[in-house]
Amino acid sequence: MQNDIQINHLYFSYDGACVLEDINLQYNTSEFLAIIGPNGGGKSTLLKMMIGLLEPERGEVLLFGENPLHVSHEIAYVPQDTIANKDFPIKVMDVVLMGRLSKSKAFATYSKEDRAIALGMLERVGMKGFENQKINTLSGGQRQRVFIARALACEAKIMFLDEPTASIDTAGQIDMFKLLKSLNETVGIVIISHDINVALNYATKVVHVNKTLFVHDVPKTQNFKVFENQNEHVCPVELISATRCNHFPKELA
Ligand SMILES: Nc1ncnc2c1ncn2[C@@H]1O[C@H](COP(=O)(O)OP(=O)(O)OP(=O)(O)O)[C@@H](O)[C@H]1O
């Protein structure tokens, strides 16, 4: 069976400095994939390769069996909540409608259907009623929801999100992950996250990237209170692996 994302023996360097080495990964849209790892570990670089923004130096990335650039209409990308996004002086509805651009004819106005879909997506992310508000007047969490609605409006099969909770408080982060979890019933979710606890609670697959990559399915029956202080562990995901192999250190059990 063909995987929706298939990465085989992928290598990538910037100016001769190797950032990703022999990466192998399979992903299917029913999964909620969290990419975790240290700063500079190569998470964003890997995400960019998955969506075709960067080309492999060696190896291959296949999206639905093809070069990612050939199936870009099947995916949506939600970038970090950057200053550039915040400064967009346009209305929420216009942002979401941008997701319909590829579906509308060039230079045509948006159709009634486009508007209905955009409104539906705003409702789905809990932002109904904000259509006419300027995007730069929203909170970080609200703005991310609007950008997710725009991605949903593309009717993409997989949504890629780069640290969707970076500028959101703890309660807002949990709400955001709950939203992504519910969206995952119909859309593939691939996120970069620094929050290991949240990733473990909501993701169905976690990969740890630090030049090389470790894949771990998230066990359903373990209690991961041990990760409350994630700074104690160089690579917490390795500890998950250890729990499954009964090699979990007694003092942490
Ligand atoms: N355009 C670039 N040119 C040169 N080096 C780069 C470029 N982009 C990233 N790098 C380097 O590649 C390495 C991996 O960067 P990347 O942004 O993929 O890591 P990351 O895991 O996403 O980090 P963070 O968690 O800090 O966002 C880092 O050492 C970074 O300095």
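The values are calculated or read from the model by the stated rules, or taken from the named source; none is laboratory data. From a predicted model like this one, the values you see are computed outputs, not experimental measurements. Note that we place each Cβ from the backbone using ideal geometry, even for glycine, and neighbour counts take in every protein chain shown.
Details
Residue by residue, here is whether (1) within 17 Å of Ser30 (Cβ to Cβ); (2) surrounded by 20 or more Cβ atoms within 10 Å (Cβ to Cβ) holds:
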site	(1), (2)
Cys154	no, yes
Ser167	no, no
Lys178	no, no
Glu185	yes, no
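- Every residue from the stretch 30-72 that is within 19 Å of Lys211 (Cβ to Cβ) and touching a Lys or Arg at 6+ places or on another chain (Cβ under 9 Å): Leu33, Ala34, Ile35, Ile36, Gly37, Gly41, Gly42, Leu54
- Odd one out for Ser30 among (1) out of contact with any strand residue (DSSP E or B) (no Cβ under 7 Å at 6 or more places or on another chain); (2) surrounded by 16 or more Cβ atoms within 10 Å (Cβ to Cβ); (3) polar (S, T, N, Q): (2)
- Ile23 vs. criteria of a type outside the set (D, E, K, R), more than 9 Å from the ligand (Cβ to nearest atom) and more than 18 Å from Ala203 (Cα to Cα): yes
- Restricting the first member to the stretch 34-46 and to residues that are within 14 Å of Val190 (Cβ to Cβ), and the second to residues that are part of a loop (DSSP other than H, G, I, E, B) and near the ligand (Cβ under 6 Å from one of its atoms), the beta-carbon pairs closer than 7 Å and six or more apart or on different chains are Lys43/Gly37.
- Restricting the stretch 120-177 to residues that are touching a strand residue (DSSP E or B) at 6+ places or on another chain (Cβ under 9 Å) and among the basic types (Lys, Arg), the residue that is farthest from Asp94 (Cα to Cα): Lys157
- Counting only strands (runs of 3 or more DSSP E) wholly contained in the stretch 157-220, the ones carrying 3 or more residues that are modelled with pLDDT under 90 occupy 212-217.
- The criterion of being within 15 Å of the ligand (Cβ to nearest atom) and aromatic (Phe, Trp, Tyr) holds for Tyr11.
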